[in-house]
1. How much length, in nm to one decimal, is gained on full extension between residue 183 and residue 202, taken as 0.36 nm per residue of separation minus their Cα-Cα distance?
2. Contact order normalised by length for segment 109-236, with contacts defined as Cα pairs under 8 Å and 6 or more residues apart; what percent is it?
3. No other cysteine beta carbon under 4.7 Å away is the test; run it over the chain and list who passes.
4. Starting from the Cα of residue 205, draw a straight line to each of the lysines and keep only those under 22 Å, dropping any in the same chain fewer than 8 residues away.
5. For segment 1-37 and segment 131-151, what is the separation of their C-alpha centers, rounded to whole Å?
6. Quick one: compute the contact order of the chain, relative version, from alpha carbon pairs under 8 angstrom and 6+ residues apart, as a percent.
7. By counting other Cβ atoms within 10 Å of each Cβ, how are 184, 415, 101 ranked from fewest to most?
8. Quickly rank 244-250, 159-165, 222-228 as a protection proxy: mean count of other C-beta atoms within 10 Å, highest first.
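Values in this text are rule-based calculations from the coordinates and carry no lab data. Given the structure is predicted, the values throughout are model-derived calculations rather than measurements. Ideal geometry is used to build each Cβ from the backbone, glycine not excepted, and the neighbour counts take in all protein chains shown.
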Amino acid sequence: MDRTDVLIVGAGPAGLSAAAETTRHGIDTVLVDSRPLAGGQFYARGAATIDGLPEQLLEGLDQGHLELRLGTDVWGVFPDEVVSLTREERSELIAYRVLVIATGAMERPQPFPGWELPGVMAAGAAQLLVKDSAAIPRGRVVVAGTGPFLLPVAAELLAAGADVGALVEAAPRRRLARLLPALIADQARGREAISYLRALRAVDKRFGARIQAAKPGVLVLSNGEELGWDVLCVGHGFVPRLQLARLAGLDVDEGRIGVASDLRTSRAGIYAAGEVTGVGGASLAAVEGRIAGLAIARDFGGWRRSSSTQFRRALARRRRLQAFARMLSSTYSAFGALELATPETVLCRCEGVTLAQVQAAAGFWMPGEGARAAKALLRCGMGPCQGELCLETVSAAVGGGHAARWSQPRVRPPIAPVSVAELAALAHERAPAGTEPAQ
C-alpha cells in the first residue's frame, strides 16, 4: 500500500493551487483526478499541457514532490486514513496524513418536461465535447436556462462552428444591470463579459423567459414563445459535488461542506477547497486551494518567512471573491428543485421515475422517511449516477419542496464503478479497517 503526506482529490483550480503550496513547502503530495488531463473544466479550454498539467500552472508546482494520478477515481474513504482508488480496472489503497477534497461542482439538476429527450444536454457537457473531442453539435443549437455560464458556452460553441440560433436567459435585463458597477470595477471580468457579448452579437437573445417544456424540435418558453431546436443545451447553475464528502462523514450544511476559515472540515486531517465549500468560480476556488495548502504547510511546520503574509492576503482575497459570488447568486436566482417540473416530469432519469410516481408512493413509507424509501420502493438513486443527479429533487418531491426535512440514503463505497475482480485483488494488499465509511 502506497503512502503520502497529502492526498488531494480533484485537479481543478483548487486542487492544483493546494498542490502548488504543499509541494513548494517540500511536502510529498499525490494529486488525483478522474479526467485524463489536469485543470478541471475551467482549464480545459484548449490549454497547452506538459505531462498532463496546464502549462500556465506549472510554475508554482515543485514536481519533485508531486505525484500526479490522472484518469483515476476515488471509490472509498476508510477510518484509518486510507483511500481506495481505481484506474484502468485496477484498484489500490493509499494511506495519507492529510486529505484535501477539491472535487468541484456539477451542473444543477433542474427537471423540466422533456429534459430527458434525445438532443437535450447540459451546457457544460456541450462545452466539454467541443473542448475535449472537437465534437460540434449539428443543426440549430439553443442555449437556455440561467446563469453567467451560458455566455461562454454559447460563445465557444459559436466559435467552434456550431449554429447557435438563440440564447435564452431567465433573468430579466434589469436584474442583470445590477452587475454593471462590479464589472466596471473589475476590469478583467468586464473585458471577459464584453468579449462574450461581442461574439454573440448576431445571436437571437431572450431575457426574462424560463423553460416551460421541451418537445421534439420545439422549446416552449414561459412567455408563450416557441423556438425550434435540434440540440438544446441547458444550464441552471452549479452545485457542489458532495459524494466523497458524505462518504467521508463530513458535515454538509445547506448543500456545501462546512469549513473553518483555514478550510479545515469537521473531521481532523481533512480539508476542503473550491466549489465543494460553495460555488463561486475558478478564481475563488484557486484562492481556497492556496489557503488550504498554506494551512497544511503550517501544520507540517514548513512555513517560510513570507508564508504568513501570503496566508493573510489569500484570506482577504477570498472574502472579496465571496462577496462577488454572492452578488452573482442573487442576480441569477436559482429555481426551486421542482419549480419547472410537472407531475409527468421524470425526476430519476436512470430509472425513469416521474414526480407523480414519487408523490403517489409517499403514502407507503413511514413518517420521517423520504429518499431512502423512494430508493427502496422505486429504485431512485440505484442507476448509474447513484443518486447524484436525483437525490435532491426526489427528496424535495417527498418533503413538500424541502429536501432537508427528509432522511437521505447513506453514501457507501464504492462511489465509482469497480469490478469484483478488483475487490478480490485488494485482498493481497492490506484490507482497510471496517467496511463502512468514515464517521
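1. Result: 4.6 nm gained on full extension.
2. Worked out over segment 109-236, it gives 39 percent.
3. Result for the chain is 233, 350, 385, no neighbouring Cys Cβ within the cutoff.
4. The qualifying lysines are 215.
5. The distance from the Cα centre of segment 1-37 to that of segment 131-151 comes to 31 Å.
6. Relative contact order, the chain: 20 percent.
7. In order of increasing Cβ crowding within 10 Å: 184, 415, 101.
8. Put in order of decreasing packing, that is 244-250, 159-165, 222-228.
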